[in-house]
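The values are calculated or read from the model by the stated rules, or taken from the named source; none is laboratory data. All of these numbers come straight from a predicted model, not from anything done at the bench. Cβ placement follows ideal geometry from the backbone for every residue including glycine, while neighbour counts extend to all protein chains displayed.
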Amino acid sequence: MPFLDGFALEPLPKNWHAESVAWRETYFPEMPEVMDTSHWNRFYPEVPVPTVATIFAKPDAFAGFASKTVGATPATSDLSGRVWKAEDLDDNRFNTALKIIRAQASTELGSIQQHRMVYEKLDSGSLTGTDREIVEGIHATQPGGHTLESISFSKKRVCVEELRHHYQMAGVLTLDRGWDEPRWGRHWATETLEELFAMKPGEHVLDAFNIEFKTLLDTSIFLALIDRVGKYQLEMQHHFLYAPMALSMPYMRWLEESYHLAAGEKLLKAIAVAAVMDGGNLGIEDVQKTVNMWFPRGLEMFGSELGGAAVRGLFKTLSNDEAQRIYLDEVAGKVRDINLAIVGAKFKVPRDAARQRLARLESGERVDGIGPEDLLRLPHRRFFRIRGLAEYGDYMLPGAGFGGVGYVYLPYDVAGNLLTENGRPIDRPRYIEYLHTVLPREYMESRHFLFVKDEFLFNAKWGDPVPAKKW
């Protein structure tokens, strides 16, 4: 069958559509201009203007998508054992499903609030600081490439699709009245949507969506790394016990999320190449610091590495640790692709020759004036973490119970080594001094880092790391 024949469109209930429009007018007033056919066709002449509605895969088309997802089993494609009405979910499963739907919906609205922080600056044309260096560097090294207008429109396309994703989650909660029938004396669909529409930047469910976008580096790395976690969640949730949620995943994953990843990778490659080609005052260390800042938040979007067993096989295909390990391998490959682009541009050689030179650089060799320090690297998964990790090494937090569980940043460096002094982890002021050397200056002055300092690094309730128990 033709691809789109495998989907069914349904409008939101009128009251929730009106609430969505009111939110959009506050945080994304440019949307009608983006959706104008003449504007859209200037940048995407072969892509139809998006439809902002709820879009469910038809049951007979679902298996073709579900079978391709990460961690898929025969049960992932089989809808026969799913629950189709919220009223038929027992209390525990109702609560679990609601938490996942709420978190998914929050990411969509939070992402729009973040992206507008950058595209507003692009539209103004008065770039300063890092953004000016990025744009001038791209223009100097790739004259026929990105323009301010095309970068800005790309961000707005992402916002349209993120708002469409929110419509989808709102549809899951409102097209089935069972979500709003009183349970424990509360109307959960209404409460959840009202809470989501009231969330301001910094108030969202997942930490990655509370970090301000300061520069184009933020938006490109967010799309390349953080939206990639979203891809995993959308694929794993094809297994969702509540069938309408599972049927929501194919269009989001296979038609919309793919563009977000590609847009981020393309822009990030352009920025990285400009950084090593002397296109401006931007250096690869600026790119590296921003990767260092975002990557830990992406890892934590999977949840603690020790968790996820309760939802595996009911709401998702994989546990947190299983999914995160696949993600780590995929992102390492994407970073290597960026390094290939850097090497190819620097030496003006085709991909095969670039691959050979990159292998030499990765082994620690210097090649014609370029060394390993000129390449992009992923920080170790222990660096700058707030939750999880199945291993914390020789130290843990007081009251954690056993080595491996804690909810505070311990002083690991970007290589995964515990920073110590006199045989003990360095104190928190010293750790902040270290973070200033490996994270962006703009982030260290941000609202989110103030939150980190107040709630974790300098919150006395966490105590100081103590030697881990050996079992």
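So for the stretch 313-321 (the condition being among the aromatic types (F, W, Y) and within 17 Å of the chain's Cα centre (by Cα)), does at least one residue qualify? Scanning the stretch 313-321 turns up no residue that is among the aromatic types (F, W, Y) and within 17 Å of the chain's Cα centre (by Cα). When the stretch 426-471 is filtered for residues that are among the acidic types (D, E) and either assigned by TED's automatic domain parsing to the domain that holds P296 or under 22 Å from M396 (Cα atoms) (or both), the ones remaining, listed by number, are D427, E433, D454, E455, D464.
Among the residues that make up the stretch 155-162, is at least one of them more than 26 Å from R228 (Cβ to Cβ) and either within 27 Å of the chain's Cα centre (by Cα) or assigned to a helix (DSSP H, G or I) (or both)? Within the stretch 155-162, none of the residues are more than 26 Å from R228 (Cβ to Cβ) and either within 27 Å of the chain's Cα centre (by Cα) or assigned to a helix (DSSP H, G or I) (or both). Looking only at the stretch 1-44, residues that are surrounded by 13 or more Cβ atoms within 10 Å (Cβ to Cβ), among the aromatic types (F, W, Y) and under 28 Å from L175 (Cα atoms) come to 5 in all.
Only one of R381, R336 is without any contact (Cβ under 8 Å) to a residue 24 or more places away in the chain, within 26 Å of I226 (Cβ to Cβ) and among the basic types (K, R). Can you tell me which?
The match here is R336.
Figure legend. Inter-residue proximity from the stretch 182-206: first residues closer than 9 Å to G110 by Cβ, second residues part of a strand (DSSP E or B) and among the acidic types (D, E), beta-carbon distance below 8 Å, spacing 6+ or different chains. No pairs are indicated.
The single condition among (1) crowded, with 18+ Cβ neighbours inside 10 Å; (2) in contact (Cβ under 8 Å) with a residue 24 or more places away in the chain; (3) more than 24 Å from the chain's Cα centre (by Cα) that K58 does not satisfy is (1). Candidates A275, A353: the one that is crowded, with 21+ Cβ neighbours inside 10 Å and more than 30 Å from T76 (Cα to Cα) is A275. Here is a list: E433, E455, E442. Which entry is part of a helix (DSSP H, G or I), at pLDDT 70 or above, of a type in the set (D, E) and under 22 Å from L306 (Cβ atoms)? Selected residue: E455, the only one of E433, E455, E442 that is part of a helix (DSSP H, G or I), at pLDDT 70 or above, of a type in the set (D, E) and under 22 Å from L306 (Cβ atoms).
When residues in the stretch 18-57 are screened for being closer than 28 Å to V118 by Cβ and in a helix (DSSP H, G or I), 21 of them pass. Residue count for the stretch 252-279 satisfying the condition of being touching a helix residue (DSSP H, G or I) at 6+ places or on another chain (Cβ under 6 Å) and at positive phi: 0. Among the residues of the stretch 358-380, those identified as over 22 Å from V438 (Cα atoms), within 31 Å of the chain's Cα centre (by Cα) and part of a helix (DSSP H, G or I) are L358, A359. If you filter the stretch 193-211 down to residues that are touching a Gly at 6+ places or on another chain (Cβ under 7 Å) and assigned to a helix (DSSP H, G or I), you find that the one that is farthest from M301 (Cα to Cα) is N210. Taking the stretch 418-471 as the search range and keeping residues that are touching a helix residue (DSSP H, G or I) at 6+ places or on another chain (Cβ under 8 Å) and of a type in the set (D, E), which one is nearest to F209 (Cα to Cα)? Among them, the one singled out is E442.
Looking across the stretch 6-41, the residues that are of a type in the set (D, E, K, R) and free of Cβ contacts under 8 Å to residues at least 40 places away in the same chain come down to K14, E25, E33, D36. Only a single criterion out of (1) more than 28 Å from G298 (Cβ to Cβ); (2) at pLDDT below 95 is not satisfied by L79, namely (2). Residues that are in contact (Cβ under 8 Å) with a residue 12 or more places away in the chain and over 24 Å from E322 (Cα atoms) within the stretch 63-90 comprise V83, W84, K85, A86, E87, D88, L89, listed in sequence order.
For every residue, the table says whether it meets (1) out of contact with any Ser or Thr (no Cβ under 8 Å at 6 or more places or on another chain); (2) over 24 Å from A97 (Cα atoms); (3) in the same structural domain as T96 (by TED's automatic domain parsing).
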residue: Q233; (1), (2), (3): yes, no, yes
residue: H239; (1), (2), (3): no, no, yes
residue: M252; (1), (2), (3): yes, no, yes
residue: A262; (1), (2), (3): yes, yes, yes
residue: L268; (1), (2), (3): no, yes, yes
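Looking at A274, is it assigned to a helix (DSSP H, G or I) and touching a residue at least 24 places away in the same chain (Cβ under 8 Å)? Judged against the criteria, A274 is a match.
Summed over the stretch 410-430, the residues that are in a loop (DSSP other than H, G, I, E, B), without any contact (Cβ under 8 Å) to a residue 60 or more places away in the chain and aliphatic (A, V, I, L, M) give a count of 4.
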